[in-house]
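Following: one structure in structure tokens, then a few remarks.
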Amino acid sequence: MKVATSHILVTGANRGIGKSLVEVALEFGAARVYATARDEESLHGLQSRFGDRLVPLVIDLTKPDSIVKAATRVEKLDLLINNAGVLSSAGLVSGRIEEIERDMQTNYFGTLAVTRAFLPAIERSRGSIANLLSVVALASMPGLGAYSASKAAALSLTQALRGELIKRGVHVHAVFPGPVDTDMAREITLPKTAPDVVARAIYAAIGRGEEDIFPDAMAQQVGGQWLKAPKEIERMFGAM
């Protein structure tokens, strides 16, 4: 698909990769971008810059009613980008159960709920869905155990959706970024890629029809190694 003239929805659009995905889409000529966040005020800056081409919507992935309500405002949609997510917990042994549950509730169940709510619009356009995962969906890091598990579950969800929806003319993409320079990753000491660079790479890969997208240098290195020797990635991440 082409970004130009498309109608796109980005969840978690008020900062980080989500904000860059909105900005780059509009720069590339998207007809309209639906930008979602838990707090509509956090989207006012984007709306003042882009005017009517940007439509703010309130979505909290842990509140199904907000998702259903937002879906009623969207009639045409070519690309759904499930970007919103949380990193609430630390290790699986030391982390609080409530935080571990929040990671799964948001990153897995929230992604599924948004997909189901907006699927009728995507089906009408025979469009695409892109799920923002992480390289830790491929192998877990001990300090990010619950987050890794939630992203691995979201990867399984993505693969299952791909098989179900291709029969309906809908393409499903999995995106595996490495560390990106966002608030969520501020405690991570590894080299980080700028979010706008990641956003551009994601749209370019979707345009090429790539199912599995590795949008930065680390992601490409990890993805290539994972395809050849997944156990080596598990050992490498496990030692971090």
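Rule-based calculations on the coordinates, nothing more; no lab input. Note that the coordinates shown come from a computational prediction; the quantities given were computed from them, not determined experimentally. Cβ: placed from backbone, ideal geometry, glycine included. Neighbour counts: every protein chain shown.
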Simple spin-label model, 7 Å along Cα-to-Cβ: Thr62 to Arg235 in nm? 3.9
What relative contact order, as a whole-number percentage, does region 7-238 give when Cα pairs under 8 Å and 6 or more residues apart are counted? 18
Percentage, to the nearest whole number, of Cα pairs in the chain over 21 Å apart: 54
Of the DSSP H helices in the chain, those whose Cα atoms cover at least 24 Å axially and whose Kyte score averages -0.5 or more: 145-165
Can you list the residues, at least 5 places off or on another chain, whose amide H is less than 5 Å from the amide H of Val172, using H built in the peptide plane? Ile129
With the convex hull built on the alpha-carbon atoms of region 123-183, volume per residue in Å³ sits at 87
Which value, in nm² and rounded to one decimal, describes the direction-averaged projected area of the C-alpha convex hull of region 1-92? 6.6
